[in-house]
Amino acid sequence: MQDEKKYNDSIHLIGRIGTIGAIGFMVGIPIAICVIYNCFPSMSTVMGAAGTLLAMFIPSAISEVISYAPILGSASYITFITGNVMNLKLPVAISAQSIAGVTSNTPESDAISTMAIALSSLETLAIIAVGVLLLTPLKPFLSTPAITTATGYMVPALFGGLLLGVYTQSGKKRIKNKWILALFPIVVMGIGILIWPKLTSYQGYCILGMIVLTLAVAYALYKAGIVKEYTVGEEEGK
Amino acid sequence: MKSYAEIAASPVLMVLVLAGLAFVAGLCVVFYRKTSKRALELGIPKETLDAVKKNTITLTIVPSISIVIGLFTLSTVIGTAWAWFRLSVVGAVTYELIAAQMATAALGFEEMTTAMGSDASTFAAIMLVMSIGIIFGNVFNLFAGKALVTTIKNAGTKQGGFGPIMNGCFMLALMGVMLPFQAIKGGVYIAVMLTSLAVAYLMNLLIKKTGATWLGNFTMAFTLIIGMASSLFWLKVF
């Protein structure tokens, strides 16, 4: 337990230092350019435009951190620093947890997810660097209609591939009647979208709301004895 | 004062960007090494870690290439160096284009192409707006990340019978939102998801029948590529 606390403290410290450093570079580079080239823009103009963006993105940023942190664990630092959460980092974390056979929110899943996301981030940095070096020769190929069309369907392809890992159960410990918890958010969200199609513009909020609702339903079903953990071969039939 | 184009292509900016990218890469290496060691300490077999790494490497390739495609678009507007940094740290091409467009509009330009013909302060303003506008997720994670992750992890391990059920709810809620959100976009999206699901299922079946467990490292990568490629076929059907 002491060992776990020590590890947690150190990994979060690294994450916080890393986040401060990344923010420093994000804001520091433009400021350095302004100082070096003496080209400071009007601050009122900058804050006007940035303020609008902040107003647009602050609520979704908060809901993203709250929604994804439980799945990502301490990987949330490197995830939010390197971005591309939904189209890369979350699938990488989910897939890594599935291959390792670990459950979210456990020390094992935290280590596995963070390792996978750090590796994935390094690879992405390398691939983008290669893309920069080969900008001119690669552009005609990667701009072909077939490639750009297929790229537009990356998210459904990713989530379709993750379905098996998320919805099937393996290992000795399983959840009785998990299918109810699996179906509940899909049905509620499906009905919600049919009634109010504009919901699709609020993905971050929907995930946050659905986490709260699913947890509430899970707790009620757990209390009623309908949903519970069991060990294969021991209590399955009860 | 120097021009927009001169600053966008300046060696000073490139050096600053490379320093920022080196910092992020270094952070990834630290996270990777620390969590790999931690996973072994927790008793996760080395073979499992190797399988997770192989899966992560193959799964990351295609989404990273899609980021490179975004780089081509963004670099034409804000230069290669800043586009490289923005797409490697936090940003996604959709946000970056919106932020750059809002900054140029706030500066009084109707088109981004017109702004590119102006002076260095316009470029500096765009850089600042793009950075400030996206920063809040990291700021919030900096202050709330540890408390959030620790609280949920403790709840997951301490609440006895409900803990394991709660842990699974986050993933089910996420998928419960993502699936209807993708499905509502139309038949091609549904077909692509189902194609990916079928490919994942068939690959798992193949692994079970042949015992070729190494194939498991490439399941997500194959699923992603075939799923995305299938969109070209499904577009003709729907």
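No lab work stands behind these numbers, since they all come straight from the coordinates. In this text the structure is predicted, and so the values were computed from the model without any measurement. Reconstructed Cβ throughout: ideal geometry from the backbone, glycine too, with neighbour counts over all protein chains shown.
Assorted remarks:
- Failed condition for B:A125, given (1) without any contact (Cβ under 8 Å) to a residue 24 or more places away in the chain; (2) at the interface with chain A (Cβ under 7 Å from one of its Cβ atoms); (3) buried (at least 23 other Cβ atoms within 10 Å of the Cβ); (4) over 22 Å from A:M47 (Cβ atoms): (4)
- For the criterion of being among the charged types (D, E, K, R), out of contact with any Gly (no Cβ under 8 Å at 6 or more places or on another chain) and more than 10 Å from chain A (Cβ to nearest Cβ), B:E47 passes.
- Qualifying residues in the range A:54-70 (those that are aliphatic (A, V, I, L, M) and more than 7 Å from every other protein chain (Cβ to nearest Cβ)) - the one surrounded by the most Cβ atoms within 10 Å (Cβ to Cβ): A:M56
- Residue in the range A:76-94 that is surrounded by fewer than 24 Cβ atoms within 10 Å (Cβ to Cβ), basic (K, R) and part of a helix (DSSP H, G or I) present: no
- Qualifying positions in the range A:7-53 - of a type in the set (G, A, S), part of a helix (DSSP H, G or I) and more than 7 Å from chain B (Cβ to nearest Cβ): A:S10, A:G24, A:G28, A:S44, A:G51
- Listing of helices (runs of 4 or more DSSP H) fully contained in the range A:115-180 that carry 3 or more residues being surrounded by fewer than 16 Cβ atoms within 10 Å (Cβ to Cβ): A:135-142, A:145-151
- Residues of the range A:144-178 satisfying the condition of being free of Cβ contacts under 8 Å to residues at least 12 places away in the same chain and either more than 7 Å from chain B (Cβ to nearest Cβ) or of a type in the set (S, T, N, Q) (or both): A:T144, A:P145, A:I147, A:T148, A:T149, A:T151, A:G152, A:T168, A:Q169
- From the list B:V68, B:V77, B:V52, the lone residue that is farther than 20 Å from A:I99 by Cα and within 7 Å of chain A (Cβ to nearest Cβ) is B:V68.
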